[in-house]
Amino acid sequence: MSVSPSQLATLLKATIPAGLHILVTGKPGIGKTDILTQVTAAINYDLVVSHPVTSDPTKAEGLPWVYQTADGPRAAFIPLGELELVYAATRPTVWLIDDLGQAAPSTQASFMGQLHPPTFNGKRIAVNGHSLPECVTILAATNRRVDRAGVSGILEPVKSRFTSIVELEPDIDAWCQWAYGHGISPMLIAFLRFRPDLLCNFQATADLTNSPVPRTWHSLAKLEALTLPTDIESSAMSGAVGEGPALEYLSFRSMYKSMVNLDAILLNPDKTAIPSKPDQLYATAVGLAARANDTNFSRIATYATRLAVEANRGEFAVLMVRDAIRRDEKIQYTDSFVRLNSGPIGQLISGK
């Protein structure tokens, strides 16, 4: 079962409060862990993270310990590290087991008791002296075997203890919504709108090169913010997402700087020229969406209407309006948006 980021978030918001354990798979660098942690925060759950790839089987059950009592010596397993936090939880908590597939089979097996604890008369029975609190829900994330990420597989009895296994597929709309809120440059957003196939073009390889995926595009954005010298920037960006995608983006960025001036559009939306090339239209639409607010949206709406009616490029007008709202929800409550939504662009948005 494949899900988009928004579908995964909706699923988790329903399954976490119900105490259902979910395993999320997918390519490296597409945001699995980020989405799981963001949903956890959104529903006001505490978060405890484990990385079993760095653990041995004894960590899940605890540290053997001998202690003295009035009746003589006794032995118990003492939870350590994040397991201590899990067993002591009293608030709604997500226990995230990250990169589960990279863990050794014996370490994977050590989690079976927590994933599906035995019950008696409807109550959980303690495993090695400890019982997973009812307020704790387990989520896990892993890459796939084909990703060359050190995943040899997950034991069948471990897989079957998850309520569902879903595979995350990146989505350009979801990524753009995230990008607007994380300071990603409008140029980069426009480029990936123009070339959505490059958002996630993961290629497993033994070579020391990166593939373009959401994580590596974010790395490129960080490099871009440093305003490095041109020759160094080109090499650094190639190291982030691969030479081909980096050079494509740099070429697009050069075009972006010579396209229709966004300030000119905002000053005179009735007269400023409309680009004819698709890459320039993407750049214009995303650039204006990034500048939109509830004060200037009337001017942007004027230009959007011209895009749809004069230039017959309604798809770019819809893109502009949708991205503007994703970035600033207040826009949809302006008079300009209400009027826009009742016209030809509104019909395009609603699919008429």
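Tabulated data
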read-out: Taking N as its residue count, the alpha carbon Rg of region 41-107 over 2.2 N^0.38 Å; value: 1.38
read-out: Dipole magnitude of region 180-258 about its Cα centre (Cβ charges: Lys, Arg +1; Asp, Glu -1), debye to nearest 20; value: 300 debye
read-out: Per-peptide average of other Cβ atoms within 10 Å, ordering 304-312, 231-239 highest first; value: 304-312, 231-239
read-out: 0 to 90° range, to nearest 10: angle between helix 243-257 axis and the chain longest Cα axis; value: 40 degrees
read-out: Radius 9 Å from Cβ of residue 49, net charge of other residues (Lys, Arg +1; Asp, Glu -1); value: -2
read-out: Nearest-0.05 FRET efficiency for residue 152 and residue 10, computed from C-beta distance (R0 25 Å); value: 0.20
read-out: Two-decimal Rg/Rh across region 259-352, once Rg and the Kirkwood Rh are taken from alpha-carbon atoms; value: 0.92
read-out: Label-point gap, in nm, between residue 250 and residue 334 - each point 7 angstrom along Cα→Cβ; value: 3.7 nm
read-out: Helix 32-42 vs. the chain, principal-axis angle (Cα, 0 to 90°, nearest 10); value: 90 degrees
read-out: Given charges at Cβ of Lys, Arg, Asp, Glu: the chain dipole, positive-most of 28, 178, 240; value: 178
read-out: Cα convex hull volume per residue for the chain (Å³); value: 182 Å³
read-out: Cα centre as origin, Lys/Arg/Asp/Glu Cβ charges: region 259-352 dipole, Debye; value: 120 debye
read-out: Region 180-258: relative contact order as a whole-number percent, Cα under 8 Å and 6+ apart; value: 28 percent
read-out: Burial order of peptide ranges 44-52, 148-156 (average beta-carbon count within 10 Å, highest first); value: 44-52, 148-156
read-out: Orientation-averaged projected area, Cα convex hull of region 180-258 (nm²); value: 5.2 nm²
read-out: Length-normalised contact order for the chain - Cα pairs under 8 Å, 6+ apart - percent; value: 16 percent
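None of the figures in this text is laboratory data; all of them are computed from the coordinates on show. Quick caveat: nothing in here was measured; it's all calculated off a predicted structure. Cβ: placed from backbone, ideal geometry, glycine included. Neighbour counts: every protein chain shown.
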